[in-house]
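Q: Got a structure for you, written out below as structure tokens; questions coming shortly.
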Amino acid sequence: MSDCLFCKIIKGEIPANKIFEDEDVFAFHDIDAQAPHHFLVIPKEHISTINDAKDPTLIGKLTLTASKIAKDLGFAGDGYRVVMNCNENGGQTVYHIHLHCLGGRALTWPPG
Ligand code: 5GP
Ligand code: ZN
């Protein structure tokens, strides 16, 4: 998708603070961190919302990539949250799916 912000980040057309990349996924720090650690894991394939996802292996890989990064960054043991917002009521603002991973502080529940 030529007009998609996250596709442009994957292609390097917009700078991002990259953490990890392989043939399927790309992880980078959120520009507006809501916790001491806040990064996003996205598929390289453009998928607009989780309602459009078809590949369970790819969707699972987003979660396992977040978990590995949380371990590597040293906050997995204390705990963290992974969440994907969907459409308007879910608070989605960028329509290329992304798994948020937040950690480094005690997170409240339920979310707002
Ligand atoms: P959503 O609200 O769609 O679940 O989350 C979108 C996330 O993308 C937000 O947390 C927002 O801060 C982040 N974001 C938006 N634009 C950019 C950007 O240009 N670079 C980075 N690194 N993050 C962005
Ligand atoms: Zn995209």
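Q: What number, rounded to the nearest 500 deg cm²/dmol, is the helix-based mean residue ellipticity at 222 nm of the chain, given -39500 (n - 2.57) per DSSP H run of at least four residues and division by all its residues?
A: Result for the chain: -7500 deg cm²/dmol, rounded to the nearest 500.
Q: How big is segment 1-60 along each principal axis, measuring the range of its Cα positions in Å and listing the largest first?
A: In descending order, the Cα extents are 31, 25, 21 Å.
Q: Please check: in the Gaussian network model of the chain (C-alpha springs, under 10 Å), which one of 45, 21, 88 has the largest mean-square fluctuation.
A: The residue that fluctuates most here is 88.
Q: Specify the angular offset, from 0 to 90 degrees and rounded to the nearest 10, of the alpha carbon long axis of helix 56-73 from the longest principal axis of the alpha carbons in the chain.
A: Taking Cα atoms only, the helix is inclined about 40 degrees.
Q: If you wrap the chain's Cα atoms in a convex hull and average its projection over all directions, what's the area in nm²?
A: 7.1
Q: Longer than 19 Å from Cα to Cα, which of 11/54; 18/44; 18/61; 11/44; 18/54; 8/44 are they? Say none if no pair is.
A: Where the Cα-Cα span goes over 19 Å, the pairs concerned are 11/54; 18/54.
Q: I've got another one for you. Quick one: accessible surface of residue 73, probe radius 1.4 Å, all protein chains present, in square angstrom to the nearest 10.
A: Roughly 80 Å² of residue 73 is accessible to a 1.4 Å probe.
Q: Roughly how many Å² of residue 1 are accessible to a 1.4 Å probe, to the nearest 10?
A: It works out to around 120 Å².
Q: Given springs between every Cα pair under 10 Å in a Gaussian network model of the chain, which of 78, 32, 24 has the largest fluctuation?
A: Taking springs between Cα atoms under 10 Å, the residue moving most is 32.
Q: Counting only C-alpha contacts under 8 Å and six or more residues apart, can you give the relative contact order of the chain as a whole percent?
A: 29
Q: Considering the zone a paramagnetic label at residue 81 would reach in this model (a point 7 Å from Cα along the Cα-to-Cβ line), which residues of segment 95-112 have amide N under 14 Å from it?
A: Residues 100-112 fall inside that zone.
Q: Compute the signed sum of charges (Lys and Arg +1, Asp and Glu -1) over the other residues within less than 13 Å, Cβ to Cβ, of residue 61.
A: -4
Q: Sorting 22, 52 by accessible area (1.4 Å probe), largest first, what list results?
A: Reading off the accessible areas and sorting them downward yields 52, 22.
The values are calculated or read from the model by the stated rules, or taken from the named source; none is laboratory data. Not measured: the values here are computed from a predicted model. Methodologically, a virtual Cβ is constructed for each residue, glycine included, from the backbone with ideal geometry; neighbour enumeration extends over all protein chains shown. All accessible areas refer to the heavy atoms of the entire protein, side chains included, with ligands and DNA or RNA removed. Shrake-Rupley method; radii C 1.70, N 1.55, O 1.52, S 1.80 Å.
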